[in-house]
Amino acid sequence: MQRWAGMHRQAQIRLRFQAELAYLLAQQFIDGAESMEELLTPVDAGKDAETYYIPAMLEAGGTTVGLRTGMILYPAGVRAHRLYLKTRTGKEAGYLSFRDDRLYHIVIPLLEQKRAQVKIEVSRKQDRKNTSGKSKYKNIDFWMRIPRETTGTFPESIDLKIENLLKQYESR
């Protein structure tokens, strides 16, 4: 039984490393700024930047009772490849999710690489079943501004992250 538990734990560790490696490798082959143009139409295409509206949801850890329509939310940070949001008072509200899964491989890396700016507010349009205030999510209006000067650039740190991850896996 102990041997089986050890093998199971090793498989879980390997799976976590593989998932992180796949995430980093995808960043080397996906240009987020160009991919946004393929998936969404900019709401504002200025000469310095393009702004996209992305329908999203706030996945709340607890209740969403304190979140009102039109309330501005702020990035609290990216953890485990999720953008966590907070209120103006600093209370963590939950994390951002998308209806289109392809956006995770575009939006989150752009934010991790600090290649975009965001504006986030609780949407005026909420799902009918979501009007009681006790549900675990809220619809979010999410705007992302991507400066044109970052298009086509890939941070060198991705190579270093991959190298460090592989070394970490080998040394465990």
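Each reported figure results from applying straightforward, stated rules to the coordinates on display, with no laboratory input. Since the model is a prediction, treat every value here as computed from it, not as a measurement. Counting neighbours? That spans all protein chains shown, and the Cβs are built from the backbone with ideal geometry, glycine included.
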Q: Find the relative contact order for the chain and round it to a whole percent, using C-alpha pairs within less than 8 Å whose residues are 6+ positions apart.
A: 30 percent
Q: Among 23, 85, 169, pick out the residue whose Cα is farthest towards the positive end of the charge dipole of the chain, where Lys and Arg carry +1 and Asp and Glu carry -1 on C-beta, about the Cα centre.
A: 85
Q.
For a Förster distance of 45 Å, can you work out the FRET efficiency between the beta-carbons of residue 22 and residue 128, rounded to the nearest 0.05?
A. 0.75
Q. Using a cut-off of 27 Å between alpha-carbon atoms, which lysines can reach residue 125, once sequence neighbours fewer than 8 places away in the same chain are excluded?
A. 86, 91, 134, 136, 138
(Q) Given a Förster distance of 35 Å, report the FRET efficiency between residue 10 and residue 99 from their Cβ-Cβ distance, rounded to the nearest 0.05. (A) 0.50
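Indicate the gyration tensor shape class of region 76-133 (rounded, prolate or oblate), computed on the Cα atoms with a ≥ b ≥ c the square roots of the eigenvalues: a/c under 1.5 is rounded; otherwise a/b larger than b/c is prolate and the rest oblate. Walk me through the intermediate numbers first.
On the way: a/c = 2.13, a/b = 1.40, b/c = 1.52.
Oblate is the answer for region 76-133, as a/c is 1.5 or above yet b/c matches or exceeds a/b.
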Q. Of the labelled options (i) 9, 32, 29, 21, 8, 1, 0; (ii) 9, 33, 24, 13, 13, 6, 2, 0; (iii) 8, 26, 27, 16, 11, 8, 3, 1, 0, which one gives P(r) over Cα pairs in 10 Å bins from 0, in percent as computed for this structure?
A. (i)
